[in-house]
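Okay, so here's the structure we're looking at.
Readers should treat all values here as calculations from the given coordinates under stated rules, not as data from a laboratory. Every value quoted in this text rests on a predicted model; they were computed, and no experiment measured them. Glycine gets a Cβ as well: all are built from the backbone with ideal geometry, and neighbour counts include every protein chain shown.
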Amino acid sequence: MSAQSPLLSSERAELKRHIREVPDWPKPGILFYDITTLLQNAGAFARLIDLLSERYVGQQIDVVAGIEARGFIFGPALAYRLNAGFVPIRKPRKLPSKTISIQYALEYGQDTLEMHADAVRPGQRVLIVDDLIATGGTALAAAQLIEKTGGTVAEMAFIVELTFLQGREKMNPYPVFSLLQYDK
Ligand code: AMP
């Protein structure tokens, strides 16, 4: 890993202060971590991108792959700083050219992620980015999609990790990094 400044607990608390917690959204019993309040603060957003880019600069990241939709917010800013390309991993039927897809299980039913078949070349090192890891189902599907292209998942990076849902355990063998952890 490149030289990184450790994330102090005071700094973690300061970033968390910018994340709005919305109870019972989108349905009763869910505490929603709303990152739009962090984005709208210039200093907090800059610090976030600085922290992520410090971690990955020098790691030969060829492509940052963002998961729809909030991975599209952080991913391109990070890709710019890493001198990497950006690839969108999308919900079904959004991409115009030839796609590859993967289905994954939700709590009820299933969902699908797609990407352009030629978006990642074999051997490229890919950093997957999303705002939050909960159960990990989405991120695991994204990693498997990258593997289908022959790309290598260098790491998966999240702003928020809901540690009590133990999504990280499901990600083996893919390395996981999160900036802010919540244990309930
Ligand atoms: P999962 O597949 O369970 O890890 O869910 C991750 C996806 O759902 C991410 O794209 C998140 O943006 C979204 N998500 C799940 N739970 C929450 C939550 N409590 N607050 C905000 N976003 C969430």
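At-a-glance table
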quantity: Label-point gap, in nm, between S101 and E147 - each point 7 angstrom along Cα→Cβ; calculated: 2.1 nm
quantity: Computed over the chain: relative contact order in percent, which uses C-alpha pairs under 8 Å that are six or more apart; calculated: 16 percent
quantity: Cα gyration tensor shape of the range 1-101, rounded if a/c is under 1.5, else prolate or oblate by comparing a/b with b/c; calculated: oblate
quantity: Gyration tensor (alpha-carbon) shape descriptor, the chain, a/c threshold 1.5; calculated: oblate
quantity: Pair R20, T37: separation of 7 Å Cα→Cβ label points (nm); calculated: 0.7 nm
quantity: Axial C-alpha extent at least 15 Å, average Kyte-Doolittle at least -0.5 - helices from the chain (DSSP); calculated: 42-56, 71-82, 137-149
quantity: Mean residue ellipticity (222 nm) of the chain, computed from DSSP H runs ≥ 4 via -39,500 (n - 2.57), nearest 500; calculated: -9000 deg cm²/dmol
